[in-house]
Structures are given as C-alpha cells and as structure tokens.
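Before any comments, here is the structure.
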Amino acid sequence: MKLLIVDDSNIIRSKIARALGSRNLEVVGLARNGHEAVSLFARTRPDVVTMDLTMPEMDGIECIRRLLELNPDTLILVVSALADKATAIEALKLGAQGFLCKPFSEEDLAEAVEELIKGAVHG
Amino acid sequence: MDEQNIQIFIDGVKNYFLQQTGVAAEVGTPYLSDAQARVAYEYTGIIGISGSSRGCVYYTAPGALLRDVLLRIGESDVTPANQSDLAGEVANTIAGNARREFGKDFMISVPVVVSGGAERISLPPDLRAMVVPILWRKHAAALVVALAGTS
C-alpha cells in the first residue's frame, strides 16, 4: 500500500516514515501543508494518508475534505496534538477513519495504521 | 492563569518527555516572570492562543537538550534546523494537548520558532507570564504560559 505523510514538522514526518516504511507501506510522498498534500496526492494516488491538523497555508481539516473529494476510498489517519473530543469527532465525521494523539510512540502509530487497514478490509 | 490551569501545562510537559524519551522531566515550582528578565534559551517555539483564551505559550530550550531528545526519539539528523523544528513541535504538542481540558475554542496557532535571546520574544504586555522550570537529564529548559480568558 502507498502512504502519504502530511505534517509541518520535519521530525514528525521522519518519525512516521521510519515507523511505517518498514511495515509493507511504501512512502510515496511527504507534505508540509495541505496544499502540498493535495498536489502530491493527485500525483501519487496513495492508499493511506497520515494527516496533521495544525499546519500553515491549508490546515488538515480542509485537506481531508479535498483529498476525499479526489478519492473517497482513501484511508486517513489524523495524527495531531489537538486532544479535544470535538476535533476528533469533526475529523471522523468528515471521513477520516482514525485519530492518534501526539505525542505517540512508533508502536502506537503502527497499531493505529493496522487498525485502519483492518477496518477497511472488514468494513 | 490559576493554579489548576497551570497544572494542565505541567502535566503536558511531563507527558511529552516521558512518552517521547522514556525519561521523566522534573518540573520546578512555577513563578511569575519578570518582564525585564524574560527566560529564553537557544531555541524557542511559540504558540499564539486565541478564542476562549488569548496570549501565548512558549517552550524554550538549549540546543544540547534538543539534540539529546532528537537522538532519543531515533532521529539521527540533529542539525540546528531539526533542533528548531523540535522546539516548535514540543510547544505545539503541549498547547494542543491542553485542549483536552480547555476544549475546541482554545485555538492554537502554528508554531513560530525563534533562536537567540529573550529580546526576540514578545508577550502581550498586559498579561502576566508564568514560568514552568523544566529539568531533563541535567538540561534546564522552561515552558512559559501567558494567558487570559476572553469569555
């Protein structure tokens, strides 16, 4: 499966790539904001996206909306520091399938992505 | 900023270091900042707050601490660019996690990172800033919280 990582932090992008790149996921793009994500998404057609919410230029909520317009079957895991329930519910209502709160361990992330993929297979 | 609210940020600091590095941070007694002697280390990640509160939260740390944290989280690139990135990410994570208690209307900006002295950090002049001293593996750092409610 192809993976697109969206986060304005270079160290978080690297951490996600390290954690998931070795788990049958091919990292096809790294985006620093929503605009870059939309552009990379159109070119690389990923199956799975990890999405930060607080980013410059275009935030994660707007980006989720745009990506799902391009392909409603995309699996989106929100990876954000925003820990309130209302934000998680908003992202899930928009069509994201999972929410992982920062700070996270590589194991937490791998588990969350596995759940996301399992849910898609069985759902 | 009352005692209960500052505890939310203290918990955020403790959770961040323990979760990310496996080594607990010691947090000292918070104190009111002197506007003339603002605390600042080499890198400072600043988050602007709006909505139900206004003001800012900043995390400031020396490069040596940030290098050490980067290595502990498995990041081999410990260049100044990544140290700066980490200062912003710590501030973002602690401020974002505070929404668990403050709710969605506690709106946070993207981080702005400055390097160098305190003169580059501007706080709202009408707000009192609380300094939370942090000690992690013998490195001193601080979280500074300057907030007022708007509702």
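The values are calculated or read from the model by the stated rules, or taken from the named source; none is laboratory data. Note that this is a predicted model, so its numbers are computed, not measured. Cβ placement follows ideal geometry from the backbone for every residue including glycine, while neighbour counts extend to all protein chains displayed. Accessible surface is based on the protein model in full, side chains and every heavy atom, while ligands, DNA and RNA are left aside. Shrake-Rupley method; radii C 1.70, N 1.55, O 1.52, S 1.80 Å.
Close lysine pairs were tallied over the protein assembly as shown: pairs 8 or more places apart or on different chains with Cα atoms under 18 Å apart number 10.
Think of a 1.4 Å ball rolled over the protein heavy atoms: the protein assembly as shown then has 44 Å² of accessible area per residue. Amide H to amide H distances under 5 Å link A:Met55 with A:Gly60, where only residues 5 or more positions off or on other chains count and H is placed in the peptide plane. Leaving out ligands, DNA and RNA, and with a 1.4 Å probe, what % of the accessible surface on the stretch B:1-135 is carbon or sulfur? Carbon-and-sulfur percentage of accessible area, whole number: 49. Computed with the Debye formula from one identical point scatterer per Cα of the stretch B:3-148, without solvent, the log10 of I(q)/I(0) at q = 0.11, 0.13, 0.15, 0.20 Å⁻¹ comes to -0.36, -0.51, -0.68, -1.27. Residue order by solvent-accessible surface for A:Lys93, B:Lys14 is A:Lys93, B:Lys14, largest first, with ligands and nucleic acids left out and a 1.4 Å probe. Under 10 Å, Cα contacts only: if you run a Gaussian network model on chain B, which one of B:Ser50, B:Ser76, B:Ser33 comes out with the highest mean-square fluctuation? In the Gaussian network model the winner is B:Ser76.
Once backbone amide H atoms are built at 1.01 Å from N, A:Val49 has A:Leu4, A:Leu75, A:Ile76, A:Leu77 as its partners under 5 Å, excluding neighbours fewer than 5 places away on the same chain.
Heavy-atom accessible area with a 1.4 Å probe sorts A:Asp84, B:Asp126, largest first, into B:Asp126, A:Asp84. In this calculation the C-beta distance from A:Lys2 to B:Ser50 is compared with R0 = 30 Å, giving a FRET efficiency of 0.20.
Between A:Val27 and A:Leu3, the built amide H atoms are under 5 Å apart, and every one of these is 5 or more places off in sequence or on another chain. Expressed to the nearest 5 percent, the antiparallel share of DSSP beta bridges inside the protein assembly as shown is 65 percent. When accessible surface is computed with a 1.4 Å probe, chains B and A are found to bury approximately 1900 Å² between them, both chains counted. Its Cα gyration tensor gives the protein assembly as shown an equivalent ellipsoid, and the semi-axes of that ellipsoid, as √(5λ) in whole Å with the largest first, are 32, 20, 16. The local environment of B:Asn82, defined by Cβ-Cβ distances under 12 Å, has a net charge of -1 under the rule Lys, Arg +1 and Asp, Glu -1. Per residue, chain B reaches -10500 deg cm²/dmol at 222 nm when only DSSP H runs of four or more residues are counted, each adding -39500 (n - 2.57).
Sorting B:His139, A:His35 by solvent-accessible area of protein heavy atoms yields A:His35, B:His139, largest first, with a 1.4 Å probe.
Across all Cα pairs in the stretch A:2-122, the calculated P(r) in 5 Å bins from zero up to the longest distance comes to 2, 12, 25, 28, 22, 9, 1, 0 percent per bin. Just A:Glu36, A:Glu26, A:Glu90 to compare: in a GNM of chain A, with alpha carbon springs under 10 Å, which one fluctuates most? Looking only at A:Glu36, A:Glu26, A:Glu90, the largest GNM fluctuation is found for A:Glu90.
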